[in-house]
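Since the structure comes first, as structure tokens, the remarks are kept for the end.
The values are calculated or read from the model by the stated rules, or taken from the named source; none is laboratory data. Predicted model, so just to flag it, every value in this text is computed and none were measured. Glycine gets a Cβ as well: all are built from the backbone with ideal geometry, and neighbour counts include every protein chain shown. To get the accessible areas, we keep the full protein, side chains included, count just its heavy atoms, and leave off ligands, DNA and RNA. Shrake-Rupley method; radii C 1.70, N 1.55, O 1.52, S 1.80 Å.
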Amino acid sequence: FDLKGPGPHSKVVVPEASYDFGVMALGGEQSREFEFRNEGQAPLRLAKGHILCKCTIPTLDRGEIPPGQSTKIKLTWKPTTAQSDFLKTAEIWTNDPSNPKITLSIQGNVFSDPQAIPDSFALGQLEWDQEGHSHTILYSPTSADLEITGYEASDPKIFELKWTKLTPEELASKTEGKTPRPLVGYDLDLISKPSGTIGKFQGWVKLKVNRHEGEKTINISGDRTGVIQLHGPDYQAALSL
């Protein structure tokens, strides 16, 4: 805008130019409206300036605001990656000589939701006919309404999954030190049934959840030993040599 002309001039007032949304789940979308008031004596004109990334999209309801009136600019963001200290900005140009550029910003933390600790089922070494169990905690850092509605397994005849919702006290104890604080969680019990084969094995379970991504995959690993083992003179059990 031409800011060198004679008065009267507009005067832009923005009560809030930044917003901290706290935490949000990856895949979600949020928005915030910022008020622009004209406390000057001439119409206030606004235009989009530099946009830091596609996550921030300012929407201008009115490009010109009469003296004494106001408008709102809506900022919408949809993060594509999990990121702590998420910060994005958008610039709005004005014809106010004292404030030719207003920078709007949004910040917070973006997390994958749900999360699991540990992030895999490690069954370790099992005898060939032994039933194995492995536990992990599935939790949500952004919402208290996480629900598990079902699951799929890479081999349903071998892998079975059971889950129990944790009390707030149990969840706090099992996730101590996690940031942000988990809001709801489940204890997952993976059962590995004998398969009739020996050696290292892998698999997965895919949980159906009521979150943005709709599912959470957790990998499985283990090793089954046979009835007979052959040990050479330089046998090293830890290295399978």
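One table, with the values for the structure above:
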quantity: Pairs beyond 24 Å (Cα-Cα), from Lys165/Lys216; Lys157/Lys206; Lys162/Lys193; Lys74/Lys178; Lys4/Lys48; Lys78/Lys208; calculated: Lys74/Lys178
quantity: Fully extended contour minus Cα-Cα distance, from Glu152 to Thr225, at 0.36 nm per residue; calculated: 23.6 nm
quantity: Kirkwood Rh in Å, taken over all unlike Cα pairs in the chain; calculated: 22.3
quantity: Calculated [θ] (222 nm, deg cm²/dmol) that DSSP helices of n ≥ 4 give over the chain, each run adding -39,500 (n - 2.57); calculated: -500 deg cm²/dmol
quantity: Residue-count net charge about Gly40 - beta-carbon cut-off 15 Å; Lys, Arg +1, Asp, Glu -1; calculated: 0
quantity: Carbon/sulfur fraction of accessible area - segment 98-241, other protein chains in place, 1.4 Å, %; calculated: 48
quantity: Segment 111-175: relative contact order as a whole-number percent, Cα under 8 Å and 6+ apart; calculated: 30
quantity: Sorted peptide list for 224-233, 168-177, 136-145, criterion being average Cβ within 10 angstrom, highest first; calculated: 136-145, 168-177, 224-233
quantity: Accessible area (Å², per residue) of the chain, counting only protein heavy atoms and a probe of 1.4 Å; calculated: 57
quantity: Hz values of 3J(HN,Hα) by residue in segment 147-153 - Karplus curve (6.51, -1.76, 1.60), Gly and Pro given as x; calculated: 9, 9, 9, x, 7, 10, 10
quantity: Antiparallel DSSP beta bridges within the chain, percent to nearest 5; calculated: 80
quantity: Whole-number percent relative contact order across the chain, with pairs defined as alpha carbons under 8 Å at least 6 apart; calculated: 18
